[in-house]
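Participant: So that we are looking at the same thing, I have put the structure below in structure tokens.
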Amino acid sequence: MKLNVAEILKHLPKTNCKKCGELTCMAFAARLAKRDISLEACPPLFTPEYESNRKALEAILKGAAA
Ligand code: SF4
């Protein structure tokens, strides 16, 4: 199943902090949709503040893999 970039972006922090090496969360979402990068590349997702976002993204990625 193809991953939806907009759906992924919805759950990203959307701070465009560039810690993943991408200029924007949108660029990260596009790479994640192509499975060209992993969730682990976005450090903010692994902080308590974004825990629910990370869980939502993990569910999306898992669902798409099935
Ligand atoms: S590290 Fe995460 S929050 Fe920062 S720009 Fe990349 S995707 Fe967005």
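Participant: Given a 1.4 Å probe, how much area per residue of the chain is accessible, in Å²?
Facilitator: 63
Participant: Could you work out the relative contact order of the chain, using alpha carbon pairs under 8 angstrom and six or more residues apart, expressed as a whole percent?
Facilitator: After rounding, I find 36 percent.
Participant: At 1.4 Å probe size, with the rest of the protein present, what percent of the exposed accessible area of region 7-49 is carbon and sulfur atoms?
Facilitator: That share works out to 57 percent.
Participant: Dipole of the chain (Lys/Arg Cβ +1, Asp/Glu Cβ -1, origin at the Cα centre): which of CYS20, LEU3, THR47 lies farthest to the positive side?
Facilitator: LEU3
Participant: Let me spell out the model: positive unit charges on the Cβ of Lys and Arg, negative unit charges on the Cβ of Asp and Glu, origin at the Cα centre of region 5-65. What dipole size does that give, in debye rounded to 20?
Facilitator: 100
Participant: Another question, if that's okay. Can you give the translational diffusion coefficient of the chain in µm²/s, computed by Stokes-Einstein from the Kirkwood radius over Cα pairs at 20 °C and 1.002 mPa s? Walk me through the numbers on the way to the answer.
Facilitator: Working: Rh = 11.6 Å.
So the translational diffusion coefficient is about 185 µm²/s.
The values are calculated or read from the model by the stated rules, or taken from the named source; none is laboratory data. This is a predicted model, so every value here is computed, not measured. Counting neighbours? That spans all protein chains shown, and the Cβs are built from the backbone with ideal geometry, glycine included. With ligands, DNA and RNA removed, areas are computed over all heavy atoms of the protein, side chains included. Shrake-Rupley method; radii C 1.70, N 1.55, O 1.52, S 1.80 Å.
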